[in-house]
There are 2 protein chains.
Amino acid sequence: MPGAGVAAKSYKIYTRGKYNGMSDFVLKLKPAEPQGPDILAAERARSQVNVPQLAHHLLQRNGFLDRQKKVLAVLKKNPLFSKKANLNLSRPDRYHVGLARAKEVRRIVRRERWNHDDYMMAYYLLDEVSPYLLSDSMFTTSIQQQCNQEQKAQWLKEVENWEITGCYAQTELGHGSNVRRIECQASWNTDTKDFTIHSPSLTASKWWIGSLGRSANHAVVVAQLLIPDSEGKLVSYGPHQFMVQIRDLKTHQPLEGVVIGDIGPKYGYASMDNGYMLFNQFRVPRTALLARYSSVDENGKYTRSSNPATVYGSLTYARAIIINQSTLALARAVTVAVRYTLIRTQFSDRDSGSETAPELSVLDYSTVQIRVLPLLATTYALHYVAEAMNDMYQETSMRIEEDGDFSQLAEMHAVSSGLKSLSTTLAADGIETCRRALGGHGFGGGSGLIPLVANFLNKPTVEGDNWMITQQTASYFIKRMQRCVEHPDLKPVDDVDFTVLRFLKTRDQETPAFDPGRAEDLLAAFQYRSCFLAYRAYQFRIVQKASWNDILIDLHHLSNAHCESLLVKYFHEALQRADPPLDPPTLATMHQLFKLFALFTFQNASADFMATGILAPAQLDALAREIQTTMQNIRVDAARLLDAWSIPDYVLDSSLGRFDGDVYPTLFKVAHEENPLNKVTFNSDYRSEEIIKGEGEEQARRRIQALVQGTSGREWGADISSPLKASL
Amino acid sequence: MPGAGVAAKSYKIYTRGKYNGMSDFVLKLKPAEPQGPDILAAERARSQVNVPQLAHHLLQRNGFLDRQKKVLAVLKKNPLFSKKANLNLSRPDRYHVGLARAKEVRRIVRRERWNHDDYMMAYYLLDEVSPYLLSDSMFTTSIQQQCNQEQKAQWLKEVENWEITGCYAQTELGHGSNVRRIECQASWNTDTKDFTIHSPSLTASKWWIGSLGRSANHAVVVAQLLIPDSEGKLVSYGPHQFMVQIRDLKTHQPLEGVVIGDIGPKYGYASMDNGYMLFNQFRVPRTALLARYSSVDENGKYTRSSNPATVYGSLTYARAIIINQSTLALARAVTVAVRYTLIRTQFSDRDSGSETAPELSVLDYSTVQIRVLPLLATTYALHYVAEAMNDMYQETSMRIEEDGDFSQLAEMHAVSSGLKSLSTTLAADGIETCRRALGGHGFGGGSGLIPLVANFLNKPTVEGDNWMITQQTASYFIKRMQRCVEHPDLKPVDDVDFTVLRFLKTRDQETPAFDPGRAEDLLAAFQYRSCFLAYRAYQFRIVQKASWNDILIDLHHLSNAHCESLLVKYFHEALQRADPPLDPPTLATMHQLFKLFALFTFQNASADFMATGILAPAQLDALAREIQTTMQNIRVDAARLLDAWSIPDYVLDSSLGRFDGDVYPTLFKVAHEENPLNKVTFNSDYRSEEIIKGEGEEQARRRIQALVQGTSGREWGADISSPLKASL
């Protein structure tokens, strides 16, 4: 009887017979007020930022917005591209599905006559790495750039017609960045006039090779070219590229003498079959050597033509793309963070004096603003520097092609290294900062950040490790510094000379004035700091002959400092130009964004700026207040500033970050209606080995054992109409 | 014909008939020299750190090492606890397997008569969150601490005998930290003398509740207690705990009026069924209210007895455990990073002047050292502060129980908040830093860091968000500061008073001397900085009446600064005591470790130290050099310093971090022999919809569609002997 005391376990009285399929009272429930959509609508209404104009300003290049619209419309209506099951699929299943989707995309490309940019847009929107990625990129590029005319004639059409699937096999188990030391060998056979490709050790195994593990039937293999000298002793000519068929075109089995496989699960890239490959005395013809710049004739004579520095050009281009990806990746995380922290309320203002005062939007707390809003500004800073890199690439290419002028190449290469490092670090760290700003829901799948993080976290490592390639930037800068020190009357050929010479002239007398409210002072301060650090590094290395390893940390720091000054500079310049143009209110907000980025970056480097004498310790407080004021100015426009990035809900795939703000109903719907685990009733009594209610202990034991031992048929596609399902 | 020119597609000549099951030449291959095991053996040989002694020094508390050995031996021989398939299982399968393992652990506990600590050790070693976790922890604790005697008599035995499975249902979709505003209601029914539990909105849904989604049949539900006043108007008495049966004990279906489910995939915690739950006018008896401190009698009269502050005590204890978890989590990542970066070589020394000079261990680069070695030192710093927290908890509890002396409670609570925040941030960020230091292989499953990261990333949020709870530390410190300012002649009752009063007396005259080589100077500098920041915060808030929200960032900074000074202090004190004792060479290395931690932390706060006047800008370089020298001193002992943490290979589950250093053969073996994807041959031609070679287009379409739509039978346990498998 209710209320009759505890002795009778009265709480069980309320067991009301049978479960009724779970009553649907939840379907009528709404979130407590205020509703997310109303909050976002109000936020958007009170901002004057012109979203369509700003979106065009940011993304007009190459028709990005129209292309996004066009491709998205096609993908969205195809159920194969639904993302709803992704987080519930095993990694092997992700490859199965990924391959099916990649095939479908290719069929659509053919049917809709999409161009390469449309194709790449589909990858971006799908947010799933295609098993064809390396076939479509590095493999194709190698053939285009490294083949002679005959080779191109032979292979390029097949590749472009997608008749063969390839990959680019350079990295090995034991060697990544240091390509010169890769172990795989291609030895010239004088008798048979062909090459033997061979893996002399386990660490010579190709490793991480995208599209290789399960998909590719061809590979461009990078191997040490070895040719016997007159006494028959093999001499190394360094790494070269070879076109190799690796799987039978009919059976798709590896050819004899080749061992291939997928390297297994990773942080992300679930749908990509990064692979390994070893060769055992595998013969390829003489013509397998990609021969545009190097070749071996039938007598085993090696010829290398001058390899123009265009390689650096395409590296720069690849890095500009990575910076671009960093921008959109970070923008995606900030979009989720801003929208959700506007909608999420928690605690009243402590100074309100009332426990029942309305709770504040989480974004109204300065401790949330300081994490999220500088990152919002960072998305813009990254964007403008990527644009500048792109322009620089175009201009440098033009000069090389039209005038044979290679003078800008070294700087472009140096700058692209440091910027790749800084941008991907800012974005990778920034995404995690956004995730934590989401509070508890940031740990859930509803954040939409799981695939973003998983796929982005290799960026600080690929195309040059972020802590390694900064040496190139610093080394270049030290050389420029040395030249200026040794030739103080040099006629400046560019900005770097100009800045460095001015620094050298004034450094003993004065440091720049600094008022955190003045953009010019900020720009000058960042430039001065770069020069200060470059001069110090120059002294260590050139004057005091410090060992390179002893100053590596300083070099990394110098590179970052220089690149921060570039981010500030290009952001500022972009606003001066504002091309395409921006409304006055929009432009005014952008100036606030610039200020926030510059001040926040400046504050993080306070120790440097105090060391240079630019910043007085007494100014620290004022700097912090200025940052808070600037954040409050931006706060009102935050929602619209992210709308301008135009990241579709389909890409965000986030209950928290939806454009319409309908956060809680979506979180609930996804859990309640789309979670396969909720379709199963479990036996949670530890005294029974049964796991699914009704399957019995014997069946459970067999099933679990198969899962644990990895021998379950499920990984390679069990029948969907299993007898067990019917029994549930 | 080989070498006959490109026109004939001669590279196809080398297709040698049928694949022969992939030749096994790889089995004979070894990595290039030097071998990993030799490298680690040499590293260990040249260090004088006494590993067994240091391990005992660190982990003697409560017989940790013996317990680890005992429990590990049992787990390792049981095939159910093999981790090899984990990364290849879908999230729903991870729950199936997790439940099976958790049941088996319970059966072992019974059979082997393990105690609670042994049981917890099994969780730690398995490194998989048990679906019973919340039943074993918060649910049980609630009953022990919040029930009156009658309730305990009724429920505790059932719970401790594992006859029922429970959870602790506090957090809601719309409310986490702010418990006072949770929406779930428990209204007193005057007529029936019982309560109605009800979810008035969607955001009132319980959410994130561990063990609820699929496992629990009972819950301690936190709900607003509402009792009608004399006019029948419901009056809220705030959140209270209620014992509620939520599922039928026989069918395991939710009771009528209750909706329950699993919230879906998350970053980590794959084997845990975090759940949601809503109530529709669900009746529970009067005695459901856990009544040790609050009760409602049959006339609806509410009584609250003085709730002693032991709640804060157990919160502190929970946080000491989290700091401890942070230590071991970080130690695990650093173990992997140090062992692998010792074995991995890349590039020769740039100053060697030779391209063929042997490549350096990656850990010999200062840019790798600066990321990994300070984190190695941090594991020790975190350890000693966790020990200190534990001692503080014991002492405070004793004082309360024996003398009714609550005087230490406020400080302990304040300190535990700030330390939880700082420790989990250091560990979470540190793990990712270690991962990136691994280079490319850090993105692969062989790192062993995937489950570590996934399961640790909620720590900055749970038990109080890291950016929120620092307010408590700062607020407490400001109060202490205010008291000292207002009573300069106060007799110091503790360290805080003493330090603050000394700061107030001297701050206008002098700043402490600072020599980075002197431990005392470092300690004094950190204390001075805390006081400096606390005084500034006091001025903002108390003197200038700044709004709380405006100074939140300063408060967070103050808390971190204070906790950094505690980390430095407790590390230093522990070495003075060295209890259990340490050999002179081991102790000498520990002093270097302390120095590295203190200097590195100091350097990161250079701006603060310059602002206080302790650090002159001219000292920055010397500081950096001192850090590099200290790292070189530690470098030689790095391998042994991590061996002392005694993290078994079974926990590391890392090809890169294995104790024996056999990195590359293990990476290869796992990929080549244990990857289920490699057992399937795919059709990678986009012109066909077939995915698995031989399955045909129709079957592939059906299969992929089911996967994409989440309707595949596989999620709930398809038959392992599916017809498809046989056909392969």
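I need the helices (runs of 4 or more DSSP H) fully contained in the range A:618-697, keeping only those with at least 1 residues that are within 13 Å of chain B (Cβ to nearest Cβ) and closer than 30 Å to residue A:377 by Cα.
Where helices (runs of 4 or more DSSP H) fall fully within the range A:618-697 and carry at least 1 residues being within 13 Å of chain B (Cβ to nearest Cβ) and closer than 30 Å to residue A:377 by Cα, they are A:620-635, A:663-674.
Being within 15 Å of residue B:621 (Cβ to Cβ), part of a helix (DSSP H, G or I) and out of contact with any Asp or Glu (no Cβ under 8 Å at 6 or more places or on another chain) is the filter; apply it to the range A:535-551 and report the residue that is most open to solvent (accessible area, probe 1.4 Å).
Residue satisfying both the conditions and the ranking: A:543.
Look through the range B:325-346, keep the residues that are over 20 Å from residue A:172 (Cα atoms), among the polar types (S, T, N, Q) and touching a Leu at 6+ places or on another chain (Cβ under 7 Å), and return whichever of them is nearest to the other protein chains (Cβ to nearest Cβ).
Looking at the filtered set, the residue picked out is B:326.
Restricting attention to the range B:206-234, which residues are within 17 Å of residue B:171 (Cβ to Cβ) and either hydrophobic (A, V, I, L, M, F, W, C) or open to solvent by 10 Å² or more (accessible area, probe 1.4 Å) (or both)?
Listed by number, the residues that qualify are B:207, B:208, B:209, B:212, B:216, B:219, B:220, B:221, B:222, B:223, B:224.
When you check residue B:186 against the structure, is it more than 30 Å from residue B:72 (Cβ to Cβ) and surrounded by 19 or more Cβ atoms within 10 Å (Cβ to Cβ), yes or no?
The answer is yes for residue B:186.
Give the residues of the range B:397-421 that are open to solvent by less than 50 Å² (accessible area, probe 1.4 Å) and of a type in the set (S, T, N, Q), sorted by residue number.
B:397, B:416, B:417, B:421
Hey, could you check the range B:86-106 for residues that are part of a helix (DSSP H, G or I) and of a type in the set (S, T, N, Q) and say which is farthest from residue B:269 (Cα to Cα)?
Per the stated criteria, the residue is B:88.
Can you find, within the range A:465-506, the residue that is farthest from residue A:563 (Cα to Cα) among those that are surrounded by fewer than 19 Cβ atoms within 10 Å (Cβ to Cβ) and in contact with a Pro (Cβ under 7 Å, 6 or more places away or on another chain)?
A:504
Looking at the range B:56-70, I want the residues that are over 15 Å from residue B:650 (Cβ atoms) and have a partner that is in a helix (DSSP H, G or I) and open to solvent by less than 30 Å² (accessible area, probe 1.4 Å) with Cβ atoms under 6 Å, at least 6 apart or on another chain. Which pairs are those?
Close Cβ pairs satisfying both conditions: none exist.
Of the numbered conditions (1) under 15 Å from residue B:610 (Cα atoms); (2) modelled with pLDDT of 95 or more, residue A:619 satisfies every one except a single condition; which is it?
Failed condition: (2).
Mind listing whichever residues of the range A:507-524 are over 16 Å from residue A:603 (Cα atoms) and surrounded by 13 or more Cβ atoms within 10 Å (Cβ to Cβ)?
Those that are over 16 Å from residue A:603 (Cα atoms) and surrounded by 13 or more Cβ atoms within 10 Å (Cβ to Cβ): A:507, A:511, A:512.
Kindly provide the set of residues from the range B:211-248 that are more than 10 Å from chain A (Cβ to nearest Cβ), in contact with a helix residue (DSSP H, G or I) (Cβ under 6 Å, 6 or more places away or on another chain) and farther than 24 Å from residue A:30 by Cα, ordered by number.
B:220, B:241 - these are the residues of the range B:211-248 that are more than 10 Å from chain A (Cβ to nearest Cβ), in contact with a helix residue (DSSP H, G or I) (Cβ under 6 Å, 6 or more places away or on another chain) and farther than 24 Å from residue A:30 by Cα.
Got a sec? Which of A:237, A:276, A:269, A:302 is at pLDDT 95 or above, surrounded by fewer than 17 Cβ atoms within 10 Å (Cβ to Cβ) and within 24 Å of residue A:176 (Cα to Cα)?
A:237
If I filter the range A:573-596 for residues that are closer than 16 Å to residue A:624 by Cα, more than 25 Å from the chain's Cα centre (by Cα) and in contact (Cβ under 8 Å) with a residue 60 or more places away in the chain, do I get at least one hit?
So far as the range A:573-596 goes, yes, one or more of its residues are closer than 16 Å to residue A:624 by Cα, more than 25 Å from the chain's Cα centre (by Cα) and in contact (Cβ under 8 Å) with a residue 60 or more places away in the chain.
What is the residue count in the range A:347-369 for residues that are open to solvent by less than 20 Å² (accessible area, probe 1.4 Å) and facing chain B (nearest Cβ under 8 Å)?
3
Take residue A:107 and decide whether it is out of contact with any helix residue (DSSP H, G or I) (no Cβ under 7 Å at 6 or more places or on another chain) and on the phi > 0 side of the Ramachandran plot.
no
Considering only the range A:88-113, how many residues are within 22 Å of the chain's Cα centre (by Cα) and either surrounded by fewer than 20 Cβ atoms within 10 Å (Cβ to Cβ) or among the aromatic types (Phe, Trp, Tyr) (or both)?
Going through the range A:88-113 one residue at a time, the tally reaches 1.
If you go through the range A:29-44, how many residues are part of a helix (DSSP H, G or I) and in contact with a Leu (Cβ under 8 Å, 6 or more places away or on another chain)?
3
Residue check: is residue B:491 part of a loop (DSSP other than H, G, I, E, B) and more than 30 Å from residue A:364 (Cβ to Cβ)?
Yes.
How many residues are farther than 26 Å from residue A:363 by Cβ, assigned to a helix (DSSP H, G or I) and touching a residue at least 40 places away in the same chain (Cβ under 8 Å) when one looks only at the range A:384-423?
Count: 25.
Which of (1) at pLDDT 95 or above; (2) surrounded by fewer than 20 Cβ atoms within 10 Å (Cβ to Cβ) does residue B:383 not meet, given it meets every other one?
Unmet condition: (2).
Would you pick out the residues in the range B:580-608 that are outside any helix (DSSP H, G or I) and either outside the structural domain of residue B:620 (by TED's automatic domain parsing) or touching a His at 6+ places or on another chain (Cβ under 8 Å) (or both)?
Answer for the range B:580-608, where residues must be outside any helix (DSSP H, G or I) and either outside the structural domain of residue B:620 (by TED's automatic domain parsing) or touching a His at 6+ places or on another chain (Cβ under 8 Å) (or both): B:580, B:581, B:582.
For residues that are more than 8 Å from every other protein chain (Cβ to nearest Cβ) and either assigned to a loop (DSSP other than H, G, I, E, B) or more than 19 Å from residue A:369 (Cβ to Cβ) (or both), tally how many sit in the range A:429-452.
So the count comes out to 6.
Sort out which residues of the range B:167-205 are within 11 Å of another protein chain (Cβ to nearest Cβ) and among the small types (Gly, Ala, Ser), and write them in order of number.
B:174, B:176, B:177, B:199, B:201, B:204, B:205, listed by residue number.
Identify, from the list A:192, A:303, A:251, the residue that is over 32 Å from the mean Cα position of the chain (by Cα), assigned to a strand (DSSP E or B) and not basic (Lys, Arg).
None of the other options fit; the residue is A:303.
Which of the residues spanning the range B:127-172 are outside any helix (DSSP H, G or I) and over 25 Å from residue B:198 (Cα atoms)?
B:127, B:128, B:129, B:130, B:131, B:132, B:161, B:162, B:163
Could you count how many residues in the range B:240-256 are under 18 Å from residue A:678 (Cβ atoms) and surrounded by 15 or more Cβ atoms within 10 Å (Cβ to Cβ)?
Total meeting the criteria: 8.
The values are calculated or read from the model by the stated rules, or taken from the named source; none is laboratory data. A quick note: this is a predicted structure, and the numbers were derived from the prediction, not measured. Ideal geometry is used to build each Cβ from the backbone, glycine not excepted, and the neighbour counts take in all protein chains shown. These accessible areas exclude ligands, DNA and RNA; they are computed on the full protein's heavy atoms, side chains included. Shrake-Rupley method; radii C 1.70, N 1.55, O 1.52, S 1.80 Å.
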